[in-house]
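Below is one structure, written out as structure tokens, with a few remarks after it.
The values are calculated or read from the model by the stated rules, or taken from the named source; none is laboratory data. Not measured: the values here are computed from a predicted model. Glycine also receives a Cβ, built like all others from the backbone with ideal geometry; neighbour counts cover every protein chain displayed.
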Amino acid sequence: MEMNELNLHSCMIPMVCLLKHMETNGIIPINDRISEIPPWMICMCKKFSDPLITFNIKLFLMCLIIHTHTIFKPYACYWLTPIIHICNQMFENSSEGLNIFIIDTIVILLS
């Protein structure tokens, strides 16, 4: 993990480890053709798309998705639009234009 404020947050490593543990122990199905999004991910997706949730929380969730992208890949149809929307918001609000976070996200989306 790159050392930035999001990755240094005290919850990031435990959350990544939790998702990896769930994947390793079969709690999250490992299958590229999954039709239904799991209930825990529905909750996460709703928070990610909720306009009342602060942008920092959405960035944290996006960073979590980037670190565990193999877990989220089968559910890309649910996540693609909200992630692109957040990237667009970041790009529009940035004085730098494209930053490393947006570029990393785009690379993950294209993989």
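Can you tell me how many residues within the range 61-111 are acidic (Asp, Glu) and part of a helix (DSSP H, G or I)? Total satisfying the criteria: 2. Checked against (1) among the polar types (S, T, N, Q); (2) at pLDDT below 80; (3) under 14 Å from the mean Cα position of the chain (by Cα), THR81 passes all but condition (2). Of all residues assigned to the range 49-60, none qualifies as being of a type in the set (A, V, I, L, M, F, W, C), surrounded by 13 or more Cβ atoms within 10 Å (Cβ to Cβ), in contact (Cβ under 8 Å) with a residue 12 or more places away in the chain and in a loop (DSSP other than H, G, I, E, B). Does the range 60-77 contain any residue that is out of contact with any strand residue (DSSP E or B) (no Cβ under 9 Å at 6 or more places or on another chain), at pLDDT below 90, under 21 Å from ASN93 (Cα atoms) and aromatic (Phe, Trp, Tyr)? Looking for residues that are out of contact with any strand residue (DSSP E or B) (no Cβ under 9 Å at 6 or more places or on another chain), at pLDDT below 90, under 21 Å from ASN93 (Cα atoms) and aromatic (Phe, Trp, Tyr), one finds none in the range 60-77, hence no. Which numbered condition in (1) touching a Phe, Trp or Tyr at 6+ places or on another chain (Cβ under 6 Å); (2) under 24 Å from LEU8 (Cα atoms); (3) not aromatic (Phe, Trp, Tyr) is the only one that LEU59 fails? If we test LEU59 against (1) touching a Phe, Trp or Tyr at 6+ places or on another chain (Cβ under 6 Å); (2) under 24 Å from LEU8 (Cα atoms); (3) not aromatic (Phe, Trp, Tyr), just (1) comes out false.
Of all residues in the range 77-98, those being among the small types (Gly, Ala, Ser) and surrounded by 12 or more Cβ atoms within 10 Å (Cβ to Cβ) number 1.
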